[in-house]
Amino acid sequence: MREAPVAVFDSGVGGLSVLAEIQRLLPGESILYFADCGHIPYGEKTPEFIRRRCALMAAFFREQGAKALVLACNTATVAAVADLRRDFPDWPIVGMEPAVKPAAAATRSGVVGVLATTGTLASAKFAALLDRFATDVKVITQPCPGLVELIEGGDLHSDALRRMLYGYVEPLLAAGCDTIILGCTHYPFLKPMLATLLPADISLIDTGAAVARQLQRLLAERGALAEGPSRPARFWTSGDPQAFRNVLPLLGQTSDDVQSLGL
């Protein structure tokens with residue numbers, strides 16, 4: 001059980017930002033990663049569609065012998081994590097949520113911005129986070145259609161991306177935000193460009209490191225932390241394996257083991 005792999009799932013390449021945090025904190029863990037690139041973006045899909053996709057993915061990872069699941073997608077977590085935990089009560093499942101609590105604690109101006117997908121911002125789960133942790137701050141939300149698709153194609157530097165990203169952050173700056181939540185696992189890959197668009201005193205907050213710590217806690221509780229050494233990460237995608245393989249080095253990963261999976 002200790003040396004069984006950890007499964008990581010996202011609608012595409014965004015979960016690689018979470019994978020990097022897991023590898024940094026838990027270098028002995030072997031990783032299985034599935035990118036549902038054939039059905040991206042999740043932010044524009046119905047909750048019912050996303051729940052079906054997550055159920056198929058979970059069944060696949062169980063067959064692969066995964067000892068835990070990281071749902072490295074905010075939109076998928078909103079739609080499906082409750083159902084997955086109900087259907088797999090013996091399986092440690094870690095989900096994502098926008099970092100409203102730490103952002104509310106960090107802000108100096110009392111104004112927090114949120115960059116996220118339409119699906120995440122419209123969810124009851126996000127509304128509950130605001131009710132619980134953001135009653136004393138003003139939260140400005142900004143849906144970001146189009147960003148995920150550019151990142152999926154490996155675009156982290158183009159003028160088109162810069163213009164789109166500036167259009168999304170400018171209203172947050174105008175509203176006085178000094179803290180911005182990156183509410184999609186794709187968005188941490190935009191930190192270098194955001195650094196050129198934002199004043200130096202703006203704080204960017206995401207939850208990848210917190211997810212890795214939660215995974216560590218759950219595995220430790222079960223005596224399931226790997227002793228290592230880890231095996232090379234294995235990747236599957238419902239999209240084009242070669243396109244996924246090509247973008248991996250741009251996002252901090254390399255692998256020749258990318259397989260097509262027609263779930």
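Some points to look at:
- One residue stands out among those in region 72-94 that are out of contact with any Lys or Arg (no Cβ under 6 Å at 6 or more places or on another chain) and touching a residue at least 40 places away in the same chain (Cβ under 8 Å): the one that is surrounded by the fewest Cβ atoms within 10 Å (Cβ to Cβ), which is Pro92.
- Residue in region 164-178 that is in contact (Cβ under 8 Å) with a residue 24 or more places away in the chain, in a loop (DSSP other than H, G, I, E, B), acidic (Asp, Glu) and crowded, with 22+ Cβ neighbours inside 10 Å present: no
- Taken over region 126-139, the criterion of being crowded, with 16+ Cβ neighbours inside 10 Å and in contact with a strand residue (DSSP E or B) (Cβ under 9 Å, 6 or more places away or on another chain) is satisfied by Phe126, Leu130, Ala134, Val137, Val139.
- Candidates in region 103-122 are the residues that are among the small types (Gly, Ala, Ser) and buried (at least 21 other Cβ atoms within 10 Å of the Cβ); of these, the one that is farthest from the chain's Cα centre (by Cα) is Ala104.
- Lone unmet requirement of (1) surrounded by fewer than 20 Cβ atoms within 10 Å (Cβ to Cβ); (2) not in a helix (DSSP H, G or I) for Glu97: (1)
- Flag if Ala59 is outside the structural domain of Leu165 (by TED's automatic domain parsing), among the small types (Gly, Ala, Ser), touching a Lys or Arg at 6+ places or on another chain (Cβ under 9 Å) and in a helix (DSSP H, G or I): no
- Condition check for Lys125: touching an Asp or Glu at 6+ places or on another chain (Cβ under 9 Å) and not in a loop (DSSP other than H, G, I, E, B): yes
- Odd one out for Asn246 among (1) of a type outside the set (D, E, K, R); (2) outside any loop (DSSP other than H, G, I, E, B); (3) surrounded by 15 or more Cβ atoms within 10 Å (Cβ to Cβ): (3)
- Failed criterion for Gln142 (all others in (1) surrounded by 19 or more Cβ atoms within 10 Å (Cβ to Cβ); (2) assigned to a helix (DSSP H, G or I); (3) modelled with pLDDT of 95 or more hold): (2)
- Test result for Leu219, touching a strand residue (DSSP E or B) at 6+ places or on another chain (Cβ under 8 Å), in contact (Cβ under 8 Å) with a residue 40 or more places away in the chain and within 16 Å of Pro27 (Cβ to Cβ): yes
- Condition met for Val13 (surrounded by 17 or more Cβ atoms within 10 Å (Cβ to Cβ), of a type in the set (A, V, I, L, M, F, W, C) and not in a loop (DSSP other than H, G, I, E, B)): no
- Region 119-134 residues that are farther than 23 Å from Leu147 by Cα, paired with ones that are not in a helix (DSSP H, G or I) (beta carbon under 8 Å, 6 or more apart): Leu129/Glu97; Leu129/Pro98; Leu130/Val139; Ala134/Val112
Yes/no matrix, rows are residues, columns are (1) under 17 Å from the mean Cα position of the chain (by Cα); (2) not in a helix (DSSP H, G or I):
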position	(1), (2)
Gly154	yes, yes
Arg162	no, no
Phe189	yes, no
Pro199	no, yes
Ala210	yes, no
Arg217	no, no
Leu225	no, yes
Ser230	no, yes
Trp236	yes, yes
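- One residue stands out among those in region 16-48 that are hydroxyl-bearing (Ser, Thr, Tyr) and modelled with pLDDT of 95 or more: the one that is surrounded by the most Cβ atoms within 10 Å (Cβ to Cβ), which is Tyr33.
The values are calculated or read from the model by the stated rules, or taken from the named source; none is laboratory data. Model, not experiment: these values are computed from the prediction. Cβ: placed from backbone, ideal geometry, glycine included. Neighbour counts: every protein chain shown.
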